[in-house]
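One structure is given below, encoded as structure tokens.
Quick note: the coordinates plus some simple rules give every number you see, no bench work behind them. Model, not experiment: these values are computed from the prediction. Quick reminder, even Gly has a Cβ in these numbers, built from the backbone with ideal geometry, and neighbours come from all protein chains shown.
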Amino acid sequence: MSRRELFEEHDVPCPDLVLRAPANWTAILFLAGLGGLHLGMASHAFLHQRWEGFLSLIFGVVFMAAAIACAVIRSDVAVFRETARICLRTGIRRFRYERAISFDRVRSIRLTLMNQRNVSDSRIEVVCEGEVIECPPTAVPRQEALCLALLMNVRLVKVYGYDCPDVSERLDKLTNA
């Protein structure tokens, strides 16, 4: 059974585009390492019958719980063209925080291309009234930004970094091709 059939079965509109953020492995490994360090200090303190081990045990458990929470919690941006809204979700399955933004509040899609050689430096942002929503990183930022702009029927604004060629050079490439 496809995802679209599952959505239709429960009378929930199927999103046209879903952008999911990957896990933040830097934070996960840092918190797990800090938790492991405190648990190691707690075990050493308990072996020597020192009361300070309780504080390290508490810190170790808290840091490990934070690492697990960072590994499990996800955030995504879903675009529904039928209902003309963007749905921002953060959480785990049913336990999540969700809010919707109407397409009427969206002013433009901003694509920032900092580096030609490294696409992961690019950022896609949905510019709304009073806030800017950053989209999860992608391997195809130009295509994804264009798709978002077309889905929401708003302008696509491109911002180039210092590494990108000037406008005249980019236009020369287009006319010579």
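Among CYS135, CYS87, rank each residue by its count of other Cβ atoms within 10 Å, from fewest to most, as a rough exposure measure.
CYS87, CYS135
So if we plug the beta-carbon distance of ASP104 and GLN143 into 1/(1 + (r/R0)^6) with R0 = 25 Å, what FRET efficiency do we get, rounded to 0.05?
Once the sixth-power term is evaluated, E becomes 0.50.
Please arrange VAL61, VAL132 by how many other C-beta atoms lie within 10 Å of their C-beta, fewest to most.
VAL132, VAL61
What's the FRET efficiency of TYR160 with THR26 using the Cβ-Cβ distance as r and R₀ = 41 Å, to the nearest 0.05?
0.90
May I ask you to sort ASP76, ASP16, ASP104 by Cβ crowding, counting other Cβ atoms within 10 Å and putting the fewest first?
Final ranking by Cβ density, sparse to dense: ASP104, ASP16, ASP76.
Across 10 Å bins from the origin, how do the percents of Cα pairs in the range 11-166 run, short distances first?
All Cα pairs considered, the percentages come to 10, 28, 25, 17, 12, 7, 1.
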